[in-house]
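S.K.: Pasting a structure below so you can have a look.
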Amino acid sequence: MSFLALARLANVYSYFGVVMFSVSAVRADSSLDAAMDAVAPGIRKWATLCLLKPKSGPDAPMEFDWIDYRDTGHRTDFWPASTVKLFTAIAACELLHAKQLPLDTTTTFAHESGGNWHTDCARTVREMISEVFRRSSNEDYTLLLRLCGIDELNQSFLTPERGFPATALMRGYTADAPWRYGQKERQRITLQATPTLAPVVREHQWSGRDYGAERGITVLFSENGNLTSTRVLCDCLRRVLFHPDLPREERFRISDEQAHFLKHGGPDGFHGLESHLGPQGPTVWQKAWAEVFPRAKHYQKLGLISNYALDLCCIDDRAQGGPCFLLATALNAGHATRPREGEQLASDLTRAIALWVQKRH
């Protein structure tokens, strides 16, 4: 079944609400393929590029031009690493929005063992999301996964109807207490908005259903694994960053305030997707775009493990009269790759795409 067929409009009934989803046609471009082929020849690559088209009029809707690198945009045969942490941040916001709870809601986690409940830790949702973006926290990502629950997340959010074909989240990224998600243990999450309001209590226990295996996991884990595609990653980022400007049927079920926080972060040191150059200048990842669009706004979620490196980002240079585009790339090269690490290769790939866009703008 094609991506467009999978993404037909449908109703989904859950605490996440009802979302209707559609995607424009995706095309190929041989010149982009050639530009990407020149980076790390011989290393497998996957990518999707999404360019914001100039508006045809002041009241015209946003339009996007989608390009896949060769036939890789819909493929899931790579490990998505930390990029999928964005999914849990959005799902957590949807959960709060449905229950009319603020981002500063304190979330207390407990698990059942030996017939008794054991309290693990407490965090606000704002803190967990911020740490996922600030330092790609494996602990906070795993807590967000616990908050949503594997079954609810995969049955009601990560579905084709919601814009997530062939996507699953099954695995937390830490086995350390108190953050770990013991899948076979019953979970109790207490959501306390203020000391004077009654708490909202969620309890769940994984059914044992392996959504990763059902949806085609092939990389690193044959069961209980995470998978998605570059096309899904790129569109997910698009729907967050352009939330208030999109048709209502394309938006996630989050508030404008939540979308703004996911995009920009907030005061008191809270982080969102927006990336800022530090006093020491751009990092390896930031050089990829800063050398081509030095004054652009930049939003990013990275992924890096031993044998995969991923860049999910948006480069917005419209204030300087330049382009605005999003990309999701993956390479079969990570921090264990020699002689050049995947981090540098992923940066080179993003830079090659940025130069290609600049040339055609």
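The values are calculated or read from the model by the stated rules, or taken from the named source; none is laboratory data. Bear in mind that the values here come from a model prediction, so they are computed numbers and not experimental data. In this analysis, Cβ positions are derived from the backbone assuming ideal geometry, glycine residues included, and neighbour counts consider all displayed protein chains.
S.K.: Sort out which residues of segment 45-62 are of a type in the set (D, E, K, R) and touching a strand residue (DSSP E or B) at 6+ places or on another chain (Cβ under 8 Å), and write them in order of number.
M.R.: 45, 53
Rundown of residues vs (1) in a helix (DSSP H, G or I); (2) surrounded by fewer than 20 Cβ atoms within 10 Å (Cβ to Cβ); (3) among the hydrophobic types (A, V, I, L, M, F, W, C), yes/no style:
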{"residue": "294", "(1), (2), (3)": "no, yes, no"}
{"residue": "307", "(1), (2), (3)": "no, yes, no"}
{"residue": "310", "(1), (2), (3)": "no, no, yes"}
{"residue": "339", "(1), (2), (3)": "no, yes, no"}
{"residue": "344", "(1), (2), (3)": "yes, yes, no"}
{"residue": "348", "(1), (2), (3)": "yes, yes, no"}
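S.K.: Could you please let me know if residue 61 is of a type outside the set (A, V, I, L, M, F, W, C) and surrounded by fewer than 24 Cβ atoms within 10 Å (Cβ to Cβ)?
M.R.: Values: of a type outside the set (A, V, I, L, M, F, W, C): yes; surrounded by fewer than 24 Cβ atoms within 10 Å (Cβ to Cβ): yes.
Against the criterion (of a type outside the set (A, V, I, L, M, F, W, C) and surrounded by fewer than 24 Cβ atoms within 10 Å (Cβ to Cβ)), residue 61 qualifies.
S.K.: I'm checking my understanding of the structure. Among residues of segment 154-168 that are under 14 Å from the mean Cα position of the chain (by Cα) and of a type in the set (A, V, I, L, M), which one is farthest from residue 87 (Cα to Cα)?
M.R.: Filtering segment 154-168 for residues that are under 14 Å from the mean Cα position of the chain (by Cα) and of a type in the set (A, V, I, L, M), the one farthest from residue 87 (Cα to Cα) comes out as 168.
S.K.: Among the residues of segment 28-45, are any under 27 Å from residue 160 (Cβ atoms), under 20 Å from the mean Cα position of the chain (by Cα) and modelled with pLDDT of 95 or more?
M.R.: yes
S.K.: Could you list, ordered by first residue, the pairs with Cβ atoms under 6 Å in which the first is in segment 269-292 and under 22 Å from residue 85 (Cα atoms) and the second is assigned to a loop (DSSP other than H, G, I, E, B) and of a type outside the set (S, T, N, Q), at least 6 apart or interchain?
M.R.: 271/265; 272/265
S.K.: Let me ask something else about it. Give segment 260-288 a look and list any residue that's among the hydrophobic types (A, V, I, L, M, F, W, C), outside any loop (DSSP other than H, G, I, E, B) and either at pLDDT below 95 or closer than 18 Å to residue 303 by Cβ (or both), or say none.
M.R.: Start the filter on segment 260-288 by keeping residues that are among the hydrophobic types (A, V, I, L, M, F, W, C), which leaves 261-262, 270, 273, 277, 284-285, 288.
With the extra rule that they be outside any loop (DSSP other than H, G, I, E, B), the set shrinks to 261-262, 284-285, 288.
Matches in segment 260-288: 262, 284, 285, 288.
S.K.: Looking at segment 39-56, which of its residues are exposed (fewer than 11 other Cβ atoms within 10 Å of the Cβ) and either at positive phi or touching a residue at least 24 places away in the same chain (Cβ under 8 Å) (or both)?
M.R.: Matches in segment 39-56: 42 only.
S.K.: Please count how many residues of segment 341-361 are touching a residue at least 40 places away in the same chain (Cβ under 8 Å) and either more than 11 Å from residue 39 (Cβ to Cβ) or not β-branched (Val, Ile, Thr) (or both). Let's see the steps before the verdict.
M.R.: First pass over segment 341-361, keeping only residues touching a residue at least 40 places away in the same chain (Cβ under 8 Å): 343-358.
Okay, now just the ones that are also either more than 11 Å from residue 39 (Cβ to Cβ) or not β-branched (Val, Ile, Thr) (or both), so 343-349, 351-352, 354-358.
Count: 14.
S.K.: Suppose we keep only residues that are assigned to a loop (DSSP other than H, G, I, E, B) and of a type in the set (A, V, I, L, M, F, W, C) within segment 70-110. Which one would you say is surrounded by the fewest Cβ atoms within 10 Å (Cβ to Cβ)? Show your work before the answer.
M.R.: So the first thing to find is which residues in segment 70-110 are assigned to a loop (DSSP other than H, G, I, E, B), and the list is 70-80, 99-105.
Next cut, of a type in the set (A, V, I, L, M, F, W, C) only: 78-79, 101, 103.
Values: 78: 25, 79: 24, 101: 18, 103: 22.
Here the residue is 101.
Rundown of residues vs (1) polar (S, T, N, Q); (2) surrounded by fewer than 17 Cβ atoms within 10 Å (Cβ to Cβ), yes/no style:
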residue: 258; (1), (2): yes, no
residue: 264; (1), (2): no, yes
residue: 278; (1), (2): no, yes
residue: 281; (1), (2): no, yes
residue: 297; (1), (2): no, no
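S.K.: Among (1) surrounded by fewer than 21 Cβ atoms within 10 Å (Cβ to Cβ); (2) assigned to a loop (DSSP other than H, G, I, E, B); (3) not polar (S, T, N, Q), where does residue 117 come up short?
M.R.: The number of the failed condition is (2).
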